[in-house]
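Asks: Handing you a structure now.
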C-alpha cells in the first residue's frame, strides 16, 4: 500500500531531484547550481504568475540565481495542468533547443500529457512517466525533444 498522494508526490520529487538533477554520472553539471525541492511542508522556491505564487516540484538555479531547469511531478494528468506547465516553461531557462522543463506523470498517462503539451504549444525538454516497482521509483522517458543525454530510464 502506498502513502497518501501528497506524501508520495513529495517523496518522488525528492528522489528525482537527487538522482536526475544532476545524474550521478553527469560530468557537465556546474557544481555552483542549486537544486530546490518544494514539498507540502517546505516551500523553498516560488514561481510568480498572474494568479500568485506556485511551487514547482523541483527548481534548479544557475550560480547567478537564474532559473535553469524546472521539474514538475504530477499525480495525474488533467487539462487544467496546461496553464501551470505553460507558466513553468516560460519561467525556465533554455537548453540546446527547448526550455528546460521536465514533466513527470504516472505510468500510462504520458500520451495524454504529450497531447496537452503539444496542443497548447508548451515548450519542454522532457516528458517522463513514473511508477513504483517493488518499492523503487522508476522513471521512463516518453519523449525528449532536446538533449539525448536526458533520455534515460532511472
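The values are calculated or read from the model by the stated rules, or taken from the named source; none is laboratory data. Being a predicted model, the structure only gives us computed values, none of them experimental. Cβ atoms come from the backbone with ideal geometry, glycine included; neighbour counts cover every protein chain shown.
Asks: So, in the stretch 1-23, exactly how many residues are surrounded by fewer than 17 Cβ atoms within 10 Å (Cβ to Cβ), out of contact with any helix residue (DSSP H, G or I) (no Cβ under 9 Å at 6 or more places or on another chain) and under 21 Å from residue 62 (Cβ atoms)?
Replies: Pass one, the stretch 1-23, residues surrounded by fewer than 17 Cβ atoms within 10 Å (Cβ to Cβ): 1-8, 11, 14, 18-19, 23.
Still in the running and out of contact with any helix residue (DSSP H, G or I) (no Cβ under 9 Å at 6 or more places or on another chain): 1, 4-8, 11, 14, 18-19.
Those still in the list that are under 21 Å from residue 62 (Cβ atoms) too: 18-19.
Number satisfying all stated conditions: 2.
This table checks each residue for (1) surrounded by 15 or more Cβ atoms within 10 Å (Cβ to Cβ); (2) at pLDDT 95 or above.
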| residue | (1), (2) |
| --- | --- |
| 70 | yes, yes |
| 85 | yes, yes |
| 95 | yes, no |
| 110 | yes, yes |
| 128 | yes, yes |
| 135 | no, no |
| 139 | yes, yes |
| 143 | yes, no |
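Asks: Taking the criterion of being under 20 Å from residue 127 (Cβ atoms) and part of a loop (DSSP other than H, G, I, E, B), would at least one residue in the stretch 11-19 satisfy it?
Replies: no
Asks: Also, quick follow-up: Return the residue satisfying two criteria in turn: it lies in the stretch 97-108 and is surrounded by fewer than 21 Cβ atoms within 10 Å (Cβ to Cβ) and modelled with pLDDT of 95 or more, and of such residues it is farthest from residue 68 (Cα to Cα).
Replies: The qualifying residue farthest from residue 68 (Cα to Cα) is 108.
Asks: Out of 51, 33, 14, 68, report the one residue that is within 13 Å of the chain's Cα centre (by Cα) and more than 27 Å from residue 132 (Cβ to Cβ).
Replies: Working: 51 fails: within 13 Å of the chain's Cα centre (by Cα); 33 fails: within 13 Å of the chain's Cα centre (by Cα); 14 fails: more than 27 Å from residue 132 (Cβ to Cβ).
One residue alone meets the criteria, 68.
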